[in-house]
Amino acid sequence: MLIPSFLLAVLGVLAILDGDVIFGFVGLLGIVAFATACSLVIGRMRRSRRIEIEVSEDGLCWRAWSDDVIAWHEIRHAEVRRQGPMRHLCLWLNREPEFRSHFATYGAAKSKTMGYGDVAINTIGTDRRFDDLVDTVRRYVTVG
């Protein structure tokens, strides 16, 4: 993603140097796109250094949701649900969930109305398979 963005920025600089107003505007857009792509990639790289999903004897922690551990006794029900080709480990909790951000709160409310529980976890963006997550969680709670 960085290489095409960098090439777009170079073309943007060349377009600005050309002196034409339209090409200059396109060049400016290219530079802005490059800066946006770089910040997204760098942000993702910084976040990916830490463990995103952690399963332990104490419970389950999914950093995209919250830094809090969901204790095993707080999980009322767990099951695997599909949304097209994607699979989610859906958890229904005995407590009201606390989310990291307004966006996460909104997304969780939508997921719950669609039948995906309080928390719907997937392994996209991690180095693990979804089946590994489910098998590990099954050691502590029944997954339907």
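Data overview
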| read-out | value |
| --- | --- |
| J(HN,Hα) series, region 55-70, from Karplus relation 6.51 cos²θ - 1.76 cosθ + 1.60, nearest Hz, glycine and proline x | 10, 9, 5, 6, x, 10, 10, 10, 4, 5, 8, 5, 8, 6, 8, 8 |
| Gain in span if fully extended, Trp92 to Thr36, counting 0.36 nm per residue against the direct Cα distance | 16.5 nm |
| In order through region 34-40: 3J(HN,Hα) via Karplus (6.51 cos²θ - 1.76 cosθ + 1.60), integer Hz, x for Gly, Pro | 4, 5, 5, 4, 4, 5, 5 |
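All of the numbers you see were taken from the coordinates with simple rules; none came from a lab. Note that the structure is predicted; figures quoted are calculated from it, not measured.
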